[in-house]
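The values are calculated or read from the model by the stated rules, or taken from the named source; none is laboratory data. Note that the structure is predicted; figures quoted are calculated from it, not measured. Cβ placement follows ideal geometry from the backbone for every residue including glycine, while neighbour counts extend to all protein chains displayed.
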Amino acid sequence: MMNSNAIFTYIAAVVICICCYVGVFHTHHYYTFDLINWLSITIALCIVIIQITSFTHHNQWWSRLRAFLMVLFIGGPIIYFIHIFQERYCKQQLENYGVETSARVTRLYSVKHGRGSSYYNRGYAEFEYQVDGKTWKQKTENEDYNLKPNDLIQIKCSSDEPEIFKVLGVTKIGNE
């Protein structure tokens, strides 16, 4: 019979696998929940698994060092490979199913990042485009605030996964 730590470890391992799968193949579906959030969940679960299953002597410095090194050697490659696989998946989608289309900027906004007195605003442009008769909404960074409402953005997107796109160029139409 398995104890509760072993059961929790198996459950957490399954959740980590699901997070890895979603991180590689489905992050483009979630408009505001990006790859960093999936990686954070995965690393947090790695830490929990290591703490529950491996260490009974929490007061010893080598146990803490061993825990840190295990998170580094387990979590580090997970982060690296999810990032690499996600980039490869998006690149493969654009190569195999890529179609060029125009998108119109519909909205500009900025998001405050940071805490306290050390923060900055990052600008974003929301745009709409059509693929196979269906309208899609996405956002792209607008750090230097070049884009204006109604500007046209030339993009290449996947006809199989239209949320995967690459900006090719911009045609200025909006108010200067």
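Here are the numbers for the structure shown:
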quantity	calculated
Qualifying residue in the range 134-147 (condition: within 21 Å of Val99 (Cβ to Cβ), at pLDDT 90 or above, of a type in the set (A, V, I, L, M, F, W, C) and under 18 Å from the mean Cα position of the chain (by Cα))	no
Index of the failed condition, Val167 passing every other in (1) touching a Cys at 6+ places or on another chain (Cβ under 8 Å); (2) β-branched (Val, Ile, Thr); (3) not assigned by TED's automatic domain parsing to the domain that holds Tyr21	(1)
Flag if Arg115 is at pLDDT below 85 and surrounded by 12 or more Cβ atoms within 10 Å (Cβ to Cβ)	no
Some residue of the range 161-176 being within 22 Å of Gln86 (Cα to Cα), of a type in the set (A, V, I, L, M, F, W, C), over 19 Å from the mean Cα position of the chain (by Cα) and not in a loop (DSSP other than H, G, I, E, B)	yes
Asp160 among the acidic types (Asp, Glu), surrounded by 19 or more Cβ atoms within 10 Å (Cβ to Cβ) and touching a residue at least 40 places away in the same chain (Cβ under 8 Å)	no
Long-range neighbours under 8 Å by Cβ, at least six apart or interchain, first residue free of Cβ contacts under 8 Å to residues at least 40 places away in the same chain within the range 82-107, second exposed (fewer than 12 other Cβ atoms within 10 Å of the Cβ) and assigned to a helix (DSSP H, G or I)	none
Count - residues of the range 70-123 that are assigned to a helix (DSSP H, G or I) and aliphatic (A, V, I, L, M)	9
Test: residue in the range 134-153 that is outside the structural domain of Ala13 (by TED's automatic domain parsing) and either touching a Cys at 6+ places or on another chain (Cβ under 6 Å) or more than 22 Å from Val170 (Cβ to Cβ) (or both)	yes
Any hit, the range 131-144, residues being more than 29 Å from Tyr21 (Cβ to Cβ), among the hydroxyl-bearing types (Ser, Thr, Tyr), in contact with an Asp or Glu (Cβ under 7 Å, 6 or more places away or on another chain) and in a strand (DSSP E or B)	no
Tally of residues being at pLDDT 90 or above, touching an Asp or Glu at 6+ places or on another chain (Cβ under 8 Å) and among the hydroxyl-bearing types (Ser, Thr, Tyr) across the range 80-112	2
Pairs, first under 25 Å from Phe81 (Cα atoms) and modelled with pLDDT under 70 in the range 2-20, second surrounded by fewer than 17 Cβ atoms within 10 Å (Cβ to Cβ) and hydrophobic (A, V, I, L, M, F, W, C), C-beta under 7 Å, six or more apart	Phe8/Ile52; Thr9/Ile52
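For (1) under 24 Å from Val22 (Cβ atoms); (2) surrounded by 16 or more Cβ atoms within 10 Å (Cβ to Cβ); (3) in contact with a strand residue (DSSP E or B) (Cβ under 6 Å, 6 or more places away or on another chain), each residue gets a yes or a no:
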| position | (1), (2), (3) |
| --- | --- |
| Leu72 | yes, no, no |
| Gln93 | yes, yes, yes |
| Ala125 | no, yes, yes |
| Glu128 | no, no, yes |
